[in-house]
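Please treat every number below as a calculation from the coordinates, not as lab data. Treat the numbers as computed from the prediction; the structure is a model and nothing was measured. Using ideal geometry, Cβ is built from the backbone for each residue, glycine included, and neighbour counts are taken over all protein chains shown.
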Amino acid sequence: MVLYKLMYTNVYNKHYAVGLLYDIFENSQNSEKSILPWEITIHFSDFPKNKLLKFKNLDTLKDTYFTTLKESDYMRYGNANKIMCLSLEDQSSLWNSLCKLDFKNFWNINSKLLANTPWLNISARIYYNNTVIQERFVDINEEGITLKNLILSWCSEDFNENSNFDNYRFILHGLNISIDTPLLWLGQYLSYPDNWLHIVIKQIKE
Amino acid sequence: MSEKIIVRFRAVGDAPLLKSPVFKVDGNKEFSTLINGLKIKLKQCSNLHFYINNSFSPSPDEIINNLYKCFGSGGELQVNYANMPAYG
């Protein structure tokens, strides 16, 4: 499984998961503008080494995966101890099950990283209007907190209680997500394998 | 609108020290700006590893302001740098 797709075109120097790139670029509401299948330009020189991590071997990918996990762990618990305290056996089992798409073994370990509540924050990023929004969200443990609360908090310039949310799509793993979905549940069950929620917002009507 | 973020660099292990370890940087820039800036300051281009709060390495494309909002404390963002991989 390719977790990080290292695309390097003139316009896109990002370390994003391939599923996230799909959500950002897909345009299923407007088939004329649909960009599928992707046209990918591959360059064999001038690697943008100041922008992208060079893929040397599978260990590069493994290190990147674990440090991203640590960052999300730090977000939820204020430290990266849950990853640091995983036994070597658990670490390799987590990585190997991810590589082999072994759902059961992956969740045997990964649930140890997500199950303990309360969380300090949600480990989430919102991709909206060509920007990435990532902040603290301490209300995560309050009763009845949904995706809508997160959007009202992080995107307050564009959204308020009176906004017509039907004019937007909130996309996660290629799915349109209801803004009334409980946020903690999303974090525990719909995070990417790096334990971040990568939510794309698209406006579909003015 | 550019928001200035105070970044404090801390050397780990035997990494070379900076004369003045505190910088004000444009928060809208990516973390790679800090990586490249420090490499120039230290005149050392390879074998530098970067961490936030002695814990994890952010991706080079993360926005400095986002890192500050999530992991900053005391009005600054702490970035550790080391000559070899640290913190497991």
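Within 10 Å of each Cβ in peptide A:82-89, how many partner chain Cβ atoms are there on average? Round it to a whole number, please. Present the calculation step by step, with values, prior to reporting the outcome.
On the way: counts 0, 3, 3, 1, 1, 0, 0, 0.
Mean shielding count: 1.
Summarising the label geometry, the points placed 7 Å from Cα in the beta-carbon direction at A:Arg136 and A:Ser153 lie 1.1 nm from one another. Positive-end ranking of A:Pro182, A:Leu172, A:Ile40 along the dipole of chain A, with charges on Cβ about the Cα centre, is headed by A:Ile40.
How many percent of DSSP beta bridges within the protein assembly as shown run antiparallel, rounded to 5? Once the DSSP bridges in the protein assembly as shown are tallied, antiparallel ones form about 75 percent. In terms of distances greater than 32 angstrom between alpha carbons, the cross-link table entries A:Lys14/A:Lys112; A:Lys100/B:Lys69; A:Lys100/A:Lys205; A:Lys62/B:Lys19; A:Lys54/B:Lys24 yield A:Lys100/B:Lys69; A:Lys100/A:Lys205; A:Lys62/B:Lys19.
From the P(r) of the range A:58-114, could you give the percentage of C-alpha pairs in the tail past 17 Å? When all Cα pairs of the range A:58-114 are counted, 34 percent exceed 17 Å. Per residue, the convex hull spanned by the Cα atoms of the range A:124-203 amounts to 96 cubic angstrom.
Subtracting the Cα-Cα distance of B:Ser46 and B:Val12 from their residue separation scaled by 0.36 nm leaves 10.7 nm. For the Cα trace of chain B, dividing Rg by the Kirkwood Rh returns an Rg/Rh value of 0.93.
I want the antiparallel fraction of DSSP beta bridges within the range A:124-203, as a percent rounded to 5. Could you put the intermediate results ahead of the total?
On the way: 10 of 14 bridges.
Of the beta bridges lying entirely in the range A:124-203, close to 70 percent run antiparallel.
Partner aspartates and glutamates whose Cα lies under 19 Å from the Cα of B:Lys4, excluding those fewer than 8 positions away in the same chain, are identified as A:Glu135, B:Asp26, B:Glu30, B:Asp61, B:Glu62, B:Glu76. Extension gain for A:Trp38 to A:Glu143 (0.36 nm times residue separation, less C-alpha to C-alpha distance): 33.6 nm.
Each label point was placed 7 Å from the Cα along the Cα-to-Cβ direction; for A:Asn57 and B:Lys29 their separation is 3.5 nm.
Please arrange A:Glu142, A:Glu26, B:Glu30 by counting, for each residue, the other beta carbons lying within 10 Å of its beta carbon, fewest first. It would help to have the intermediate numbers written out before the result.
Numbers: A:Glu142 11, A:Glu26 16, B:Glu30 21.
Listed from fewest to most nearby Cβ atoms, that is A:Glu142, A:Glu26, B:Glu30.
Taking the centroid of alpha carbons for each part, the range A:149-206 and the range B:42-84 are 28 Å apart. Taking 17 Å as the straight-line reach from the Cα of B:Lys41, the aspartates and glutamates in range (excluding those fewer than 8 positions away in the same chain) are B:Asp14.
Taking a ≥ b ≥ c as the square roots of the eigenvalues of the Cα gyration tensor, the range A:97-139 is oblate, since a/c reaches 1.5 or more and a/b is not larger than b/c. Model label sites at A:Ser163 and A:Trp107, defined 7 Å from Cα along the beta-carbon direction, differ in position by 3.2 nm.
Would you please classify the overall shape of the protein assembly as shown from the alpha carbon gyration tensor, given that a ≥ b ≥ c denote the square roots of the eigenvalues, rounded means a/c under 1.5, and beyond that prolate means a/b larger than b/c while oblate covers the rest? Rounded, since a/c falls under 1.5.
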